[in-house]
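Asker: Below are the structure tokens for one structure; questions will follow.
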């Protein structure tokens, strides 16, 4: 019954939804790394590590009675871990800008130092993102909590730049896209802002300079 209410809510909120444009399904990056780069997103969300939620979990949709329901994203993207979904958005942005990226799947809860050591074995520069929070809550309004740490690593796993990005925006419900596409656009915009951060962007530029020498 809860699932039925949630599906009805999604259908209602979707209305005559338009498909999300392809350019909004990936992150945006102005300058691609000059050489192939590893991309990894590690899930550190509490409810994933304690087994309360499945790895694909993005957030909850509330029924007409306010009952929270986990609703899996439709299609092939829905069954994959959410950390990989974000990694594909970063990978797509890099490749769209002319670069090359390889996704490295790392287990949930892997500590940053261990992740850096593992990525160094690939002998590629890397973009490592630790996801401490990412969760939406949708009823008759919406909110989204996020907390990420993004690091640019050299081929030896050393940190070239590291920044933390967190917030709790309350976006209006979209009258154009489905709930799933609405949050895909939010993720895309957030990842794009992270990649455009001066420290992160400068580190990527240093990668380009190092590759050219």
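The values are calculated or read from the model by the stated rules, or taken from the named source; none is laboratory data. Computed from a predicted model, the values in this text were never measured in an experiment. So basically every Cβ, Gly included, is an ideal-geometry build from the backbone, and we count neighbours across all protein chains shown.
To keep it simple, each residue is scored yes or no on (1) in contact with a helix residue (DSSP H, G or I) (Cβ under 6 Å, 6 or more places away or on another chain); (2) crowded, with 21+ Cβ neighbours inside 10 Å; (3) more than 21 Å from residue 184 (Cβ to Cβ).
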| residue | (1), (2), (3) |
| --- | --- |
| 56 | yes, no, no |
| 66 | no, no, yes |
| 74 | no, no, no |
| 88 | no, no, no |
| 113 | no, no, yes |
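Asker: Among the candidates 174, 192, 201, single out the residue that is within 18 Å of residue 149 (Cα to Cα), at pLDDT below 95 and surrounded by 15 or more Cβ atoms within 10 Å (Cβ to Cβ).
Answerer: 201
Asker: A further question on this structure: Looking at 146, 132 in this structure, which one is surrounded by fewer than 17 Cβ atoms within 10 Å (Cβ to Cβ), within 21 Å of residue 196 (Cα to Cα), touching a residue at least 40 places away in the same chain (Cβ under 8 Å) and in contact with a strand residue (DSSP E or B) (Cβ under 8 Å, 6 or more places away or on another chain)?
Answerer: Step by step, each of 146, 132 is checked, and only 132 is surrounded by fewer than 17 Cβ atoms within 10 Å (Cβ to Cβ), within 21 Å of residue 196 (Cα to Cα), touching a residue at least 40 places away in the same chain (Cβ under 8 Å) and in contact with a strand residue (DSSP E or B) (Cβ under 8 Å, 6 or more places away or on another chain).
Asker: Looking at (1) within 27 Å of residue 50 (Cβ to Cβ); (2) buried (at least 20 other Cβ atoms within 10 Å of the Cβ); (3) within 16 Å of the chain's Cα centre (by Cα); (4) in contact (Cβ under 8 Å) with a residue 40 or more places away in the chain, can you tell me which one residue 151 breaks?
Answerer: The number of the failed condition is (4).
Asker: Related question: Just give me the residues in the stretch 148-202 being closer than 16 Å to residue 136 by Cβ, part of a helix (DSSP H, G or I) and touching a helix residue (DSSP H, G or I) at 6+ places or on another chain (Cβ under 9 Å), in sequence order.
Answerer: Once the filter is applied, which keeps residues that are closer than 16 Å to residue 136 by Cβ, part of a helix (DSSP H, G or I) and touching a helix residue (DSSP H, G or I) at 6+ places or on another chain (Cβ under 9 Å), the stretch 148-202 yields 179, 180, 181, 182, 184, 185, 187, 188, 189, 191.
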